[in-house]
1. Based on the mean of other Cβ atoms within 10 Å per residue, sort peptides B:273-282, B:319-328, B:201-210, A:135-144 so the most packed one is first.
2. From other protein chains only, count the Cβ atoms within 10 Å of every residue's Cβ in A:24-36, then give the mean.
3. Assigning unit charges at the beta carbon (Lys, Arg +1; Asp, Glu -1) and nothing else, what dipole magnitude in debye, to the nearest 20, does the stretch B:325-412 show about its Cα centre?
4. About its Cα centre, what dipole magnitude does chain B give when the only charges are +1 on Lys and Arg Cβ and -1 on Asp and Glu Cβ, stated in debye to the nearest 20?
5. I'd like to compare B:366-379, B:40-53: which one has the highest average count of other Cβ atoms within 10 Å, and what's the full order after that?
6. For the stretch A:1-102, build the charge dipole from Cβ charges (+1 Lys, Arg; -1 Asp, Glu) around the Cα centre, then report which of A:Gln13, A:Ile25, A:Val36 sits farthest towards its positive end.
7. Nothing charged except the Cβ atoms of Lys and Arg (+1) and of Asp and Glu (-1): what's the magnitude of the dipole of the protein assembly as shown about its Cα centre? Round to the nearest 20 debye.
8. Calculate, for B:Gln265 and B:Gln301, the FRET efficiency according to 1/(1 + (r/R0)^6) with r their C-beta to C-beta distance and R0 25 Å; round to the nearest 0.05.
Amino acid sequence: MIKFFLMVNKQGQTRLSKYYENVDISKRAALEADVVKGCLSRRKDECSFVEYKDYKLVYRQYAALFIVVGITDTENELSIYELVHNFVEVLDKYFSRVSELDIMFNLDKVHIILDEMILNGHVVETNKSRILAPLLVLDKMVES
Amino acid sequence: MSDVVEKTLTALPGLLSLDSQTGAGKLSSTSKLGNLIRSITELTSKHDEEKLIKRELVAIKEQVSSPNTTMRQMKEMMVRSIYCEMLGYEADFSYIHAIKLAQQGAGLEKRVGYLAVSLFLNENHELLLLLVNTVLKVSVFELLLLVNTVLKDLQSTNLIEVCMALTVVSQMFPKDMIPAILPLVEEKLTHPKEIIRRKAVLALHKFYLIAPNQVQHIHSKFRKALCDKDPGVMAASLHIYLQMIKEGAEAYRELAGSFAAILRQVVGGKLPVEFNYHSVPAPWLQIQLLRILTLLGKDDQSTSELMYDVLDESLRRAEINHNITYAILFECVKAIYTIHPNAELMEKAAKCIGNFVLSPKINLKYLGLKALTYVVQQDANLALQHQMTIIECLDHSDRIIKRETLELLFRITNAQNVTVIVEKMLAFLRLCHEDYTIMDLVGKVAELAEKYPFRITRPPHGWKPHTYYILLAY
């Protein structure tokens, strides 16, 4: 299962954090800093899966942003690696080529999108149209 | 995210006043949320961050208590609170207002209220356990307000509100309140809209995870969901089935044929094209089905025989060179080696593993090593076949590859190679800094030392004491 889903930039600033297993709020910043440090120390030619404590991290870098997913060992690393990319493609579709600032200015919407894809640490939807449908309805309601 | 376009901070003033981007929020330059975000991007130190957020929290606290706050403003305050908590600063005074926003807001405001609730509260929160506690951040009455709001939204004529309620129920819901909400959720299983049925199934998955005995009586309804004409609803039911099968495969073996049939249809491209990801039909769904089939076929020959053809087909179809097909192949290989053996399939799977291990793509090599580790207990020859590559991986520059290789070697240790393997493990340990990895490897070395006590002649005192001496250093 997925333990957490993070978007952290190279300076270690968290842009999005979602925990599927409770981590005390006071411990989160340290965890996130630690996790991004682990990813920053990796070279480009090294694999995208890192051991962390008694579980694993799958990370993927997009410009200055790292998306890091903590997973238990029952999870297929490569499938999560691609899930991250699917998520980014969904964001790209919604924001028309998403950037770090889009995420910052629309944190609530990015969460809403993520909520359609992952629930309880499980992957529940990967069809892009279906992921975006509820949010698009909400956007329409705002416009009218 | 495009590598080409990354909006720079110099574009920020423009962003703050423009309102033309599709989907992007409209923020006026005077909006407090906009100010907060701009300030966050300008932060340079932890000290600055603390000052900023503490000020922000004081401001939010004052504003949320004001009677004149509109729902729109409340929504913005909840997002600001979410930011503060994301950076590690508690905004507990906001929790009750999140619940009220969910109750009183509409559309996106309501959704943000529910979002805030799901982020602020969690299952272990005193609130949701209904413990009487002087440090309760929200009173029992206010918790009931949340439950009531959810119940009301579940019965709304506005479908999007029903969706929101089902989503939040799937994220967090007090266990003790399940009986109150279960009938309403069950009702949604037969709703004409697929999204409602799908979300209802996911809510039941949540209930199954936290209180399985509460949903014992509706197993037949899961069966209906599995046979739903909409693939999304069917896929949602797989989460429940996987969980139940993990707990006891015996009772579900009779469904193996159905799962195999579904996989056959998915692999054969029978799903609408929108379920594709880079031309691969519903890959995560394929993986889910493969996992289920693996559990059902294990230790059962007749059940395994039902799946040979679909496994063969999956192997064949996953020939597109994309990461996601490799992920599917990995699950196929695991399945083939777990269920009752089929020589032809195992040969194809072995070839697949070989391709992974020999791949120049590092992620594939990793997966190959992982697969080898998994199958090597049944097919030691496979490791032998690839021993040159394994030896190379042992000295790989990527420490994760080295680690995986040691994991593999641990499983193929015998009296002849134990010395070398332990030496490699000790060498790795010397450079390792992660506590968990150290503990794990030390444990493995100790285990091997117990198993093969006198395998080397050097150092002169015998191997076991020497190794323990090094282990004690950790």
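Every number here is computed from the coordinates shown, using simple stated rules; none is lab data. Just so we're clear, the structure is a prediction, and the values are computed from it rather than from any experiment. Note that each Cβ is placed from the backbone with ideal geometry, even for glycine, and that neighbours are counted across all protein chains shown.
1. Order by mean packing, descending: B:201-210, B:319-328, B:273-282, A:135-144.
2. Average neighbour count from other chains, rounded to a whole number: 2.
3. Once rounded to the nearest 20, the dipole reads 180 debye.
4. Using Cβ point charges on Lys, Arg, Asp and Glu, chain B gives about 280 debye.
5. Answer by packing, highest mean first, reads B:366-379, B:40-53.
6. A:Gln13
7. About 400 debye.
8. E between B:Gln265 and B:Gln301, to the nearest 0.05, is 0.50.
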